[in-house]
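The values are calculated or read from the model by the stated rules, or taken from the named source; none is laboratory data. Since this is a predicted model, take the numbers as computed values, not measurements. With ideal geometry, Cβ positions are generated from the backbone for all residues, glycine too; neighbour counts draw on all protein chains shown.
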Amino acid sequence: MTGPAFRDIDRDDALGEAVERLYGCTRAGLLRRAAFGGAAALLATLARPAAAPAAITDVEVLRFGLRFEQLQATFYTQAEELGTIGAMPPAERRWAQTLGAHERAHVKIIKEVLGPKAEPAPAFDFGEANETPAAFTRTAVAMEDLTVALLGGVTPRVQDRGLTAALLGLLTVEARHAAWARHIAGADPAPRPEDEPMALADVQAAVDRTHFVVERPRMGGRAAPPFTG
């Protein structure tokens with residue numbers, strides 16, 4: 001049994017806008033005619049086949065994973081700070097709070113593994129994507145699906161076997177996140193018999209198109225203030 005049509009669960013266009021940013025497509029086109037599928041399935045339908053991925057080190061995988069987990073953790077944390085999660089019914093609130101706690105834990109775990117090789121967190125601006133329960137939920141579905149696709153793509157390429165095992169542990173948890181998010185949104189938790197993995201470069205391109213990652217403001221001058229109090 002497949003999930004509801006995309007238009008049936010996206011009446012307020014919240015996820016449509018998020019997916020449009022993610023995949024660079026128009027809601028009036030193919031996406032509107034498609035069933036609501038996983039983020040990886042949508043990208044596989046809309047994008048050209050990628051060239052063979054270049055070699056990537058375990059540290060590079062972890063650094064990207066850290067930035068991606070920081071994006072997710074900040075998305076959930078800001079939704080709590082804005083009161084979006086607090087406005088949800090109890091079952092949905094518990095879902096959002098649980099996922100937020102998990103994503104913050106994942107950030108901590110990856111930072112501990114990287115140690116001094118961990119890079120500072122970027123700045124994020126989610127616009128309206130986490131300002132209402134409907135927008136938050138539908139964006140979370142796309143985000144969690146994308147996480148599963150990312151881990152499915154990068155885990156087999158990791159050289160360290162211990163790290164591979166750790167990433168598999170994250171992958172199974174993120175898969176549960178995605179299924180739970182889909183259930184909350186009224187979509188089929190498992191729409192396909194197998195998931196389509198995504199290369200890190202494809203996930204990076206999708207994240208870039210969201211414009212969720214922004215430049216931190218920079219100070220132009222270095223002069224000391226004339227009055228110090």
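Quick check: anything in the stretch 76-96 closer than 18 Å to Ala179 by Cα, touching a Lys or Arg at 6+ places or on another chain (Cβ under 8 Å) and at pLDDT below 50?
Scanning the stretch 76-96 turns up no residue that is closer than 18 Å to Ala179 by Cα, touching a Lys or Arg at 6+ places or on another chain (Cβ under 8 Å) and at pLDDT below 50.
Of all residues in the stretch 59-111, how many are within 27 Å of Ala199 (Cβ to Cβ) and not polar (S, T, N, Q)?
26
Within the stretch 68-93, how many residues turn out to be part of a helix (DSSP H, G or I) and surrounded by 13 or more Cβ atoms within 10 Å (Cβ to Cβ)?
16
Only residues that are under 24 Å from Val158 (Cβ atoms) and modelled with pLDDT of 90 or more: list them for the stretch 180-204, please.
Pro197, Met198, Ala199, Leu200, Ala201, Asp202, Val203, Gln204 - these are the residues of the stretch 180-204 that are under 24 Å from Val158 (Cβ atoms) and modelled with pLDDT of 90 or more.
Please state which one of Leu168, Leu146 is within 16 Å of Glu69 (Cα to Cα), out of contact with any Pro (no Cβ under 7 Å at 6 or more places or on another chain) and surrounded by 17 or more Cβ atoms within 10 Å (Cβ to Cβ).
Numbers: Leu168 fails: surrounded by 17 or more Cβ atoms within 10 Å (Cβ to Cβ).
After applying the criteria, what remains is Leu146.
Identify, please: which residue in the stretch 95-129 is in contact with a His (Cβ under 9 Å, 6 or more places away or on another chain) and part of a helix (DSSP H, G or I) and is, among those, surrounded by the fewest Cβ atoms within 10 Å (Cβ to Cβ)? Reasoning before the result, please.
First, the residues of the stretch 95-129 that are in contact with a His (Cβ under 9 Å, 6 or more places away or on another chain): 95, 98-99, 102-103, 125, 127.
Narrowing the set further to residues that are part of a helix (DSSP H, G or I) leaves 95, 98-99, 102-103.
Values: Trp95: 20, Thr98: 13, Leu99: 26, His102: 19, Glu103: 25.
If we take residues in the stretch 95-129 being in contact with a His (Cβ under 9 Å, 6 or more places away or on another chain) and part of a helix (DSSP H, G or I), then Thr98 is surrounded by the fewest Cβ atoms within 10 Å (Cβ to Cβ).
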